[in-house]
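Please read the structure below before turning to the comments.
The values are calculated or read from the model by the stated rules, or taken from the named source; none is laboratory data. Bear in mind that the values here come from a model prediction, so they are computed numbers and not experimental data. Cβ coordinates were reconstructed from backbone atoms using ideal geometry, including for glycine residues, and neighbour counts include every protein chain displayed.
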Amino acid sequence: MKFHLHRLSVFASVWMLLIALMAPSSLDARDFMRGDINEDGSVNIADGVNMLDYMFVSGFTYCVDANDIDDDGDVNVTDAVNLFGYLFSGASPPAAPFTVCGPDPTPDSLGCESYATCTMGDAIPGLDQDTFESFVRGRELTAKQFSPEEGLGPFYNAVSCASCHSTPVVGGSAPLYRNFFFAAVGQLGSQSPIWDPPGVPSIVMPSYTYPFGPRPAFPDPSQVGNQPVTVAQRNAPPGLGVGLFEQVSNQEIASRADPADSDGDGISGRFNTDGFGNMGRFGYKLQANFLEAFLRGAINNQMGITTDPFFGSSGIVSSSMMQVGASYDESTIDGDSVADPEISVVDFGDIVIFSQFVAPSPTGEMGPEEQLGEEIFADLGCVKCHVPEIESAYGPLAAYTDLLLHDMGPELADGISMGMPQFSPISPNTTGSEWRTQPLWGVRLHGPWLHDGRADTLHEAIILHGGEAESIRQAYEALPAADQEAVIRFLEAL
């Protein structure tokens, strides 16, 4: 009898362990702050109003868990009483996590779909319910792996948007092994894709074909009419927060342009344009001014997935180089056996919404060393290009960019030109050494750095700056090691 009881005890222990392993772990839960319903980093009367609206009016909230003030697994009038009691009559504060971000310590059925203040890859606060639900679907589609039966190919580099935009979360950047190649035929300023095989939609070189066949090869100049062939690498740019640049006006971008260096500070940033009033906001060369076109190009170039326009009339600064494969209001098509478009307008629209409204990464702690680094960063002149804030219809964006092109010197030149930068008497033609001022919010999370991932550390990225940044780089290199480290600590807090 004792033997059987022992066996039963062991079986029960193993079964309980399996249940525990299969249950959702609090470590995997979405971080949030209880009581901070509107995600502004504090708990006040506005959160009480939002809670009452959720309970009695709209029935919508991003994070139901944040409304569960007493952490009993249910949101009801008691939670409202407890919150207002805490705010106005000295009652107990909300249950953990409170004052700091954290997961729900108590397993329950309540969910938290998004909490951008605490969690990377979530939606900016303030979206209406329909837009937020589209955002959530778009996040799932961004992580979806496509198959040839769904339209993948015939030329492709990846099977999912998140194949490249994965670090540290869906929508982020790419590890170095995900680099891809450009191959541009022709003179700088009038380059085009390779000629053979036909159907390669852009200068992006595909690594794979389906059904299995020879991969496109980098051509020899003799194969393309003795025109020059330029080959370059790219590392996928981070996507967290950058969709908000659509809400930055042309006037805001143009206000900082100084193509003739009229103030004599050595900085001559200029905007990228199509000559018809459209200014670039996206891409390392600022080659796209609307996310829809940028994404249509990427999903076609990298995955061979064809699309119909979502918003329509989404202009691109450089149509020959961006190569969505069609004009703004036309469908992209390819030659595989799957009917075009290979993703529906609704699904592609959800991907666009996700990219438009995914929030920047939460910032780190700003202690004394980080604050010193911020001062040195400004004193060096880094803020001439990495402007701490730019205005947008959404509000100030602490992106540390001016959304302008700057000449970064011959060491970083790749020989690829995109668009038609603002005329400059200093450098009137499009040049292969001009790059967008890379936004620095969340920069600690997006290594390797620079357009091709050649920098393994932020320090390396700084000392590879040249051109307009040459004197600033030299000043940084002349700093004591402790001051250089303070600058790095500041960047790591952004």
Completion exercise
Here the residues within segment 34-56 that are assigned to a loop (DSSP other than H, G, I, E, B) and modelled with pLDDT of 95 or more are 34, 35, 36, 37, 43, 44
Exercise for the section: Determine which member of the set 212, 218 is in a loop (DSSP other than H, G, I, E, B) and either at pLDDT below 90 or outside the structural domain of residue 287 (by the TED database) (or both). Expected result: 212
Exercise for the section: For residue 79, indicate whether it is farther than 20 Å from residue 130 by Cα and not in a helix (DSSP H, G or I). Expected result: no
Handout entry: Restricting segment 342-394 to residues that are farther than 30 Å from residue 304 by Cα and among the polar types (S, T, N, Q), the residue that is modelled with the lowest pLDDT
Key = 363
Completion exercise
For residue 417, the lone unmet condition from (1) in contact with a strand residue (DSSP E or B) (Cβ under 7 Å, 6 or more places away or on another chain); (2) of a type in the set (Ser, Thr, Tyr); (3) touching a residue at least 40 places away in the same chain (Cβ under 8 Å); (4) crowded, with 19+ Cβ neighbours inside 10 Å is (1)
Problem - Exclusive hit being closer than 26 Å to residue 449 by Cα and not in a helix (DSSP H, G or I), set 181, 98, 146 - result: 181
Exercise for the section: Would you check if residue 67 is at pLDDT below 95, surrounded by 13 or more Cβ atoms within 10 Å (Cβ to Cβ) and either under 23 Å from residue 130 (Cα atoms) or basic (Lys, Arg) (or both)? Expected result: no
Exercise for the section: Go through (1) modelled with pLDDT under 85; (2) closer than 19 Å to residue 403 by Cα and name the single condition residue 327 misses. Expected result: (2)
Practice task
Filter segment 237-275 down to residues that are closer than 30 Å to residue 207 by Cβ and in contact with a His (Cβ under 6 Å, 6 or more places away or on another chain) and give me whichever is surrounded by the most Cβ atoms within 10 Å (Cβ to Cβ).
Solution key: 239
Handout entry: Count of residues meeting criterion [β-branched (Val, Ile, Thr) and touching a residue at least 40 places away in the same chain (Cβ under 8 Å)] in segment 61-95
Key = 1
Handout entry: Condition check for residue 232: surrounded by 15 or more Cβ atoms within 10 Å (Cβ to Cβ), touching a strand residue (DSSP E or B) at 6+ places or on another chain (Cβ under 7 Å) and outside any loop (DSSP other than H, G, I, E, B)
Key = yes
